[in-house]
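Visitor: Dumping the structure here so I can ask a few things about it.
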Amino acid sequence: MLTLPTDFTRRITGAFGDDGAEWLRHFPATLEKYSQRWSLTLLPHFEPLSYNFVAPAVRQDGGEVVLKLGVPNPELTSEIEALDIYSGRAAARLIEADAVGGALLIEHLKPGTPLVEFGDDEKATEIAAQIMQRLWRPVPTEHNLRAVEKWALGMRRLREHYNGGTGPFPEKLIQQAEILFAELIASTNSLVVLHGDLHHWNILAAQREPWLALDPKGVVGDPAFEVAAWMHNPMPWLLEQPRPERILARRLDQFNEILGFDRQRMLDWSVAQAVLSAWWCVEDSAGCFNSTIAIAEVLSDLYDNNTTWIQYCSSV
């Protein structure tokens, strides 16, 4: 009988509460259900598991696939819809899905080496920018994808959680993120379907194409928002560098050159999203708060000191 890792079960209950605990109780039956429905021979699951059970499998016809099971929730539903919209362009193909049951069967990307292992941050950023361009799609007339402004409501939950205060978050940083979200959302003129979480672990080496994305959040928003997840990753590597601000400045230069977005707007989104991500670390009991808020402060320092920002851009 499969025994799920303890850190995985803790993460599930931390993020989903009673629903997560109920999902874990029924997990063996759920795994058996979809293994039979999709004629799968399961192999050992990938390590580490985060918020979903993910394992390679072989279908009855010999096809290699990946089974993904999670607590049914809007995020998983949006992922299914986004993968369907992408139809395999610059992303893993969706083969089967059951949104109600929180189950997906997707293309197995091989060799599957994540871009975080590429070893050249400048080249990796170029690859990420090219993937972004190919992923963005017009927003369908009818859809169930979430909007960036709904994600931004997390700042309101933060305030409510701390009774109007900011708890361990620097007050200045929270105020900055609140203002930036409001201004950026109000000034967004073009909406596309975004991946929403395009960082170094969500772009893998593949055979069908050199690099393909996976695990999209499926969000509707400003294309310039897409760079934000890349800007505060990978952790802890980014904070371990002697001058992380130089790396961030160079990345913005690259995105500006390839994507054509205004540097300041990309930086604004990056600050706001990094703060929001730190809140999600608290909300989901994920244990990533310290590193995420630290990189948010590095980004904020770039934002606050325009003279230093210009010097970084010209010296990288």
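Visitor: Roughly how tilted is helix 244-259, in degrees to the nearest 10 and between 0 and 90, from the longest Cα axis of the chain?
Guide: Roughly 80 degrees, rounded to the nearest 10.
Visitor: What aspartates and glutamates could a cross-link reach from K172, if we take a straight Cα to Cα line under 15 Å and drop same-chain neighbours fewer than 8 places away?
Guide: D268, E297, D301, D304
Visitor: What is the extension gain from Q207 to S291, computed as 0.36 nm multiplied by their sequence separation minus the C-alpha to C-alpha distance, in nm to one decimal?
Guide: Contour length minus the Cα-Cα distance gives 26.9 nm.
Visitor: Right, something else. Suppose the chain between A147 and E32 were pulled fully straight at 0.36 nm per residue; how much longer would it get relative to their current alpha carbon spacing? If you can, show how the numbers build up before the last one.
Guide: On the way: separation 115, 0.36 × 115 = 41.40 nm, distance 3.42 nm.
Extra length from A147 to E32 when fully extended: 38.0 nm.
Visitor: With Rg and the Kirkwood Rh both taken from Cα atoms, where does Rg over Rh land for the stretch 6-107?
Guide: Taking Rh as the inverse mean 1/r over Cα pairs, Rg/Rh reads 0.95.
Visitor: Across the stretch 63-111, how large is the tail of the calculated P(r) beyond 12 Å, expressed as a percent of all Cα pairs? All intermediate terms of the calculation are to be shown ahead of the outcome.
Guide: Details: 689 of 1176 pairs.
Tail fraction, whole percent: 59.
Visitor: What FRET efficiency comes out for the pair L239/I179, r = Cβ-Cβ distance, R0 = 25 Å, nearest 0.05?
Guide: 0.50
Visitor: While we're looking at this one, here's another question. Could you put E75, E257 in order, starting from the residue whose Cβ has the fewest other Cβ atoms within 10 Å?
Guide: E257, E75
Visitor: Next question. What does the highest-first list of 266-273, 125-132, 176-183, 112-119 look like by mean Cβ count within 10 Å?
Guide: Sorting 266-273, 125-132, 176-183, 112-119 by mean packing, highest first, produces 266-273, 125-132, 176-183, 112-119.
Visitor: Taking Cα pairs under 8 Å and at least six residues apart, what relative contact order does the stretch 6-107 come out at, in percent?
Guide: Numbers: 142 pairs, mean separation 19.6, N = 102.
Over the stretch 6-107, the number comes to 19 percent.
Visitor: Further question: FRET efficiency for I127 and S50, Cβ-Cβ distance as r, R0 = 22 Å, nearest 0.05?
Guide: Numbers: r = 22 Å, r/R0 = 1.02.
The computed FRET efficiency comes out at 0.45.
Visitor: Using the Kirkwood radius built from alpha carbon pairs, what does the Stokes-Einstein equation give as D for the chain at 4 °C and 1.567 mPa s, in µm² per second?
Guide: For these conditions, the coefficient is 63 µm²/s.
Visitor: Which ordering of Y303, Y34 is given by a fewest-first count of other beta-carbon atoms within 10 Å?
Guide: Y303, Y34
Visitor: What's the Cα-based Rg to Rh of the stretch 25-174, Rh via Kirkwood?
Guide: Over the Cα atoms of the stretch 25-174, Rg/Rh equals 1.03.
Visitor: Another one. Listing V220, V227 from the residue with the fewest other Cβ atoms within 10 Å to the one with the most, what is the order?
Guide: Result, fewest neighbours first: V220, V227.
Visitor: Any idea what the relative contact order of the stretch 232-305 is, in percent, if you count C-alpha pairs under 8 Å spaced at least 6 apart?
Guide: Working: 52 pairs, mean separation 27.4, N = 74.
Over the stretch 232-305, the number comes to 37 percent.
Visitor: Could you calculate the contour length gain from L2 to K172, that is, 0.36 nm times the residue separation minus the distance between their Cα atoms, to one decimal place in nm?
Guide: Full-extension gain reported as 56.5 nm.
Bear in mind that the values in this text are calculations on the coordinates, not laboratory data. Given the structure is predicted, the values throughout are model-derived calculations rather than measurements. Cβ: placed from backbone, ideal geometry, glycine included. Neighbour counts: every protein chain shown.
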